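Before any comments, here is the structure.
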Amino acid sequence: MTLLPLALKSLRNRRFAALLTIATIACSVALLLGVERVRDEARRSFASTVSGTDLIVGARTGPVNLLLYAVFHLGEANAAVSWASYQELTSQPEVAWSVPLSLGDSHRGFRVVGTTADFFTHYRYGAQHPLEFAAGDAFADLYDAVIGADVADKLGYTPGASIVLAHGIGSLAEQHADKPFRVVGVLARSGTPVDASVFIGLPAVEALHADWQSGTHLPQLAVSADAARQLDLTPKSVSAILVGLKSRAAAFALKRRIDDYRAEPLLAIMPGVTLQELWQLVGGAENALRATSALVVVAGLLGMLTALVTTLNERRREMAVLRALGAPARTVFGLMLLEALLLTAGGAALGVLLLGLALVAGSDFAAAHYGLNLTRTDVSAHELALLAAVLVGGLAAGAIPAALAYRRALADGLSLRW
């Protein structure tokens, strides 16, 4: 007796319940694979928040702390790098380019980054993607500012808007009201901390603090915006330096020399290595997501188990007829097991299809707002292993009603006491 046609006909007779079961499993499988896809891409995107930068140099501190304030603009630098040390670093023969960063000011909750126009040329993210301007261009005048996509969207700024920066990052930070800036460029969204930043030139940072000493504003030394243009605005120090090398093979040797630099205590980190360390600290949430999606799959399989068990009484006579026609007990067991496998396989296939449709529909949004590249539509080896685990789970769930049906006696099936 061929079980497949029999199982298909049995499911067709109970098609409404079967379709509900398949839909439940499909949603849970789509969630499981979707979480895995987003988790993998989030890890990849996190690891490539800054790419093409071989070293990040700052005052001696912890590697993760240096990465946090230099790349993610979180926290504060506990010390600065002198301008003389920056010039010494850039003169090294291994250095192809360098971009200084000066942090400390803010604008309505967004961090202000002092840098040079080279930042927009050399900064890379993801698969070596360069920064692009959605409107305007890089700063040219002393009081020009370039803003990220989040700043533009949340504050409604466009090129030509006038903004006032604040000293420090707290809500009580004092405003640099005497030196307003003009927005000249808006960066395209990158899904990186650049989106939530305001960029000004390093001379502008010096101009803002021309009448400040040791973090304190001195009104008696007030310098107007026009008067600041006449000052020597060469930076005295910077918070961090992004460094690109002519050859990555020189990274270890240069890092060692920087770490042993005698003029002042410095630290050089390799962004990729430190990003992996940081992920180990903050990536624990991914395990919670995976556990949640796995529980959803288990819930879907339990729903299938419930549906199969609850129909056993209704199918007692059906099983009894099969036994009366000569089908052995193992055929009844195999039929129930095959139905469970068909339901699980159908749900898994539909789940893969739903995931593919969701990726096609949402890939542009994910790339624009979160920097996630979700355009891959194939199924990876890891995802195939998860699908195999779902099928095994479906077989295990189906074995319970199959075992119950197997143990039913022929006389019990023909009895009217059910």
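The values are calculated or read from the model by the stated rules, or taken from the named source; none is laboratory data. If you're wondering where the values come from, they're calculated on a predicted model, not measured in any experiment. We place every Cβ from the backbone using ideal geometry, glycine too, and count neighbours over all the protein chains shown.
Side notes on the structure shown:
- Considering Ala285, Ala227, Ala253, Ala210, the condition of being in a loop (DSSP other than H, G, I, E, B) and aliphatic (A, V, I, L, M) is satisfied by Ala210 alone.
- Residue selected from the stretch 34-65 under the condition touching a residue at least 60 places away in the same chain (Cβ under 8 Å) and part of a loop (DSSP other than H, G, I, E, B), by the criterion farthest from Trp83 (Cα to Cα): Ser48
- Unique match (being touching a Gly at 6+ places or on another chain (Cβ under 8 Å) and either assigned by TED's automatic domain parsing to the domain that holds Leu142 or surrounded by 12 or more Cβ atoms within 10 Å (Cβ to Cβ) (or both)) among Ala240, Ala222, Ala228, Ala250: Ala240
- As for the stretch 205-214, it holds at least one residue that is polar (S, T, N, Q) and modelled with pLDDT under 90.
- Scanning the stretch 173-196 for residues that are under 30 Å from His129 (Cα atoms) and part of a strand (DSSP E or B) yields Phe181, Arg182, Val183, Val184, Gly185, Val186, Leu187.
- Counting the residues of the stretch 117-163 that are among the β-branched types (Val, Ile, Thr), closer than 30 Å to Glu41 by Cβ and in contact (Cβ under 8 Å) with a residue 40 or more places away in the chain gives 3.
- When Leu341 is tested against (1) modelled with pLDDT of 85 or more; (2) surrounded by 19 or more Cβ atoms within 10 Å (Cβ to Cβ), exactly one condition is not met: (2).
- Scan of the stretch 66-99 for residues that are under 26 Å from the mean Cα position of the chain (by Cα) and part of a strand (DSSP E or B), ordered by number: Val99
- Restricting attention to the stretch 144-168, the residues being surrounded by fewer than 21 Cβ atoms within 10 Å (Cβ to Cβ), within 30 Å of Phe365 (Cβ to Cβ) and over 25 Å from the mean Cα position of the chain (by Cα) number 7.
- Exactly one residue out of Pro93, Pro63, Pro130 is of a type outside the set (D, E, K, R) and either more than 27 Å from Gln276 (Cβ to Cβ) or assigned by TED's automatic domain parsing to the domain that holds Val379 (or both), and it is Pro93.
- Top-ranked residue in the stretch 258-280 [being in a helix (DSSP H, G or I) and surrounded by 18 or more Cβ atoms within 10 Å (Cβ to Cβ); ranked as modelled with the highest pLDDT]: Ile258
- Some residue of the stretch 207-214 being within 35 Å of the chain's Cα centre (by Cα), more than 21 Å from Pro130 (Cβ to Cβ), surrounded by fewer than 18 Cβ atoms within 10 Å (Cβ to Cβ) and of a type outside the set (Asp, Glu): no
- Candidate set: the stretch 198-207, residues that are assigned to a strand (DSSP E or B) and either in contact with a helix residue (DSSP H, G or I) (Cβ under 7 Å, 6 or more places away or on another chain) or of a type outside the set (Gly, Ala, Ser) (or both); chosen: the one nearest to Ala227 (Cα to Cα): Ile200
- Filter pass, Ser106 being assigned by TED's automatic domain parsing to the domain that holds Ala250, within 23 Å of Leu254 (Cα to Cα), over 23 Å from the mean Cα position of the chain (by Cα) and not aromatic (Phe, Trp, Tyr): no
- Answer residue from the stretch 215-262, given it is under 30 Å from Ala177 (Cβ atoms) and of a type in the set (Lys, Arg) and is farthest from the chain's Cα centre (by Cα) among those: Arg229
- If you go through the stretch 77-112 and pick out every residue that is free of Cβ contacts under 8 Å to residues at least 60 places away in the same chain and of a type in the set (D, E, K, R), you end up with 1.
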